[in-house]
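Data block below; observations after.
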Amino acid sequence: MTMSEKKEDLKNNLSPEEYYVTQNHGTEPAFSGKYDGVKTPGTYHCIVCGVELFSSESKYDSGSGWPSFWEPSMDNNVETEEDHSAGMIRTEVHCNKCQAHLGHVFPDGPQPTGLRYCINSVSLDLKPSDEE
Ligand code: FE
């Protein structure tokens, strides 16, 4: 597949908001996402390629308005990169398999990591444990 065919394919398979956030480094409005405040046991997968990224076991309520995790469940599937956009220095988080933008990670999370992976709901797909 060429790059433009790949882009077309993603546009057909993702909602406009999923496409905007995962492919164009967008951010869903705070408190708007379907997984903010969700405590259902299960695993969160990449909306684009389906690999596991986070577990409900490391999800916590940060009060930020976005789903927050103190660590990825699959280290190899989550990659970070320094991000200088929006006049800030932040650490961007993306899927290591398909490069989908997930969110950002901040050093103000709870122990044991002290990290807050601040992730867009639209980048994620929750698979509840009782359905696995
Ligand atoms: Fe992915």
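The values are calculated or read from the model by the stated rules, or taken from the named source; none is laboratory data. Nothing here was measured: the structure is a model prediction, and the numbers come from that model. Cβ: placed from backbone, ideal geometry, glycine included. Neighbour counts: every protein chain shown.
Laid out as a table, the results:
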item: Within the range 94-124, considering residues that are farther than 21 Å from Thr22 by Cα and not β-branched (Val, Ile, Thr), the one farthest from the ligand (Cβ to nearest atom); result: Gln111
item: Residue ranges of strands (runs of 3 or more DSSP E) in the range 24-132 with at least 1 members under 24 Å from Asp9 (Cβ atoms) and not β-branched (Val, Ile, Thr); result: 42-46, 52-55, 78-83, 90-95, 101-106, 124-128
item: Matching residues, the range 1-28, being away from the ligand (no atom under 16 Å from the Cβ) and in contact (Cβ under 8 Å) with a residue 12 or more places away in the chain; result: Glu17, Thr27, Glu28
item: Some residue of the range 93-115 being under 12 Å from the mean Cα position of the chain (by Cα) and among the charged types (D, E, K, R); result: no
item: Pro72 vs. criteria more than 12 Å from the ligand (Cβ to nearest atom), at pLDDT 95 or above, touching a Pro at 6+ places or on another chain (Cβ under 8 Å) and under 17 Å from Lys127 (Cα atoms); result: no
item: Every pair of residues 6+ apart whose Cβ atoms lie under 6 Å, when the first sits in the range 37-53 and is within 16 Å of the ligand (Cβ to nearest atom) while the second is modelled with pLDDT under 95; result: Glu52/Met74
item: Selection status of Ser85, polar (S, T, N, Q) and closer than 17 Å to Gly37 by Cα; result: no
